[in-house]
Amino acid sequence: MERTLILVKPDAMQRGLAGEVLSRLERRGLRIVGLRLLQVDRAMAERHYAEHVGKGFFEGLVEYITSGPIIAAVFEGSNAVAAARQTMGVTRPTEAAPGTIRGDLGLEVGRNLVHGSDKPESAEREIGIFFEGMALPTWTRDVDRWVFE
Ligand code: DAT
Ligand code: MG
């Protein structure tokens, strides 16, 4: 089973879309194995977005991601990383397909509602940041055999 780290970003929290974001991923068939409400500080933002430190948009990105509470979630399932990215839509909401979270609910790249890990190795690294020292429960659902082959 693959895992992915999802963030419900501050704009989605402010707009009351946390349930909508989590619900779309849950309905896709992914299983929730971690869930936290927290506020990101600058150090955590720099760790999470290490690949973007120094880029032109980085300061705005830090301001945005630290601007209010977020939800960090771990979803698990077959192809969880790719499935979540597809359900989210591409980075720029105006380029994201209708039917995706960003394509349906967003307009601006700096207000794109949701984060999802871009590959399984990133997911493990990011889960280590947001769930450091926390044991994630191992569980199965009765419905799993109707979702996972
Ligand atoms: P994603 O969140 O789709 O994985 P990313 O990892 O390339 O995208 O970038 C992280 C976040 O940084 C992204 O969600 C929004 C912001 N961002 C990326 N490229 C940007 C740009 N050219 N201008 C402004 N913000 C940008
Ligand atoms: Mg990314």
- prompt: Can you tell me which residues in the stretch 12-34 are outside any helix (DSSP H, G or I) and over 21 Å from Asp118 (Cα atoms)?
  reply: Arg15, Gly16, Leu17
field: Close pairs from the stretch 113-125: first near ligand 2 (Cβ under 9 Å from one of its atoms) and outside any helix (DSSP H, G or I), partner at pLDDT 95 or above and open to solvent by 70 Å² or more (accessible area, probe 1.4 Å), Cβ under 6 Å, at least 6 apart
entry: Gly116/Arg85
query: Looking at (1) without any contact (Cβ under 8 Å) to a residue 60 or more places away in the chain; (2) part of a helix (DSSP H, G or I); (3) under 24 Å from Trp139 (Cβ atoms), which is the one condition that is false for Leu37?
result: (2)
message: Take the residues in the stretch 29-63 that are of a type in the set (Lys, Arg) and in contact with a strand residue (DSSP E or B) (Cβ under 8 Å, 6 or more places away or on another chain); name whichever of them is farthest from ligand 1 (Cβ to nearest atom).
response: Arg31
message: For the structure I just gave you, tell me whether Gly77 is within 13 Å of ligand 2 (Cβ to nearest atom) and open to solvent by less than 10 Å² (accessible area, probe 1.4 Å).
response: no
Selection status of Ala43, surrounded by 14 or more Cβ atoms within 10 Å (Cβ to Cβ), under 18 Å from Glu126 (Cα atoms) and without any contact (Cβ under 8 Å) to a residue 24 or more places away in the chain: no
Out of Phe131, Phe148, sole residue that is touching a Ser or Thr at 6+ places or on another chain (Cβ under 8 Å) and more than 16 Å from ligand 1 (Cβ to nearest atom): Phe148
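Quick grid of which residues meet (1) within 14 Å of ligand 1 (Cβ to nearest atom); (2) in a loop (DSSP other than H, G, I, E, B); (3) in contact with a helix residue (DSSP H, G or I) (Cβ under 7 Å, 6 or more places away or on another chain); (4) in contact (Cβ under 8 Å) with a residue 24 or more places away in the chain:
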position	(1), (2), (3), (4)
Phe75	no, no, yes, yes
Ala84	yes, no, yes, yes
Gly99	no, yes, no, no
Arg102	yes, no, yes, no
Pro137	no, yes, no, yes
message: Need the failing condition index for Gly54 against (1) loosely packed, with under 13 Cβ neighbours inside 10 Å; (2) in a helix (DSSP H, G or I), just the number.
response: (2)
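The values are calculated or read from the model by the stated rules, or taken from the named source; none is laboratory data. Since the model is a prediction, treat every value here as computed from it, not as a measurement. Positions of Cβ are backbone-derived with ideal geometry, glycine not excepted, and every protein chain shown enters the neighbour counts. Surface accessibility is based on the protein's heavy atoms, side chains included, excluding ligands, DNA and RNA. Shrake-Rupley method; radii C 1.70, N 1.55, O 1.52, S 1.80 Å.
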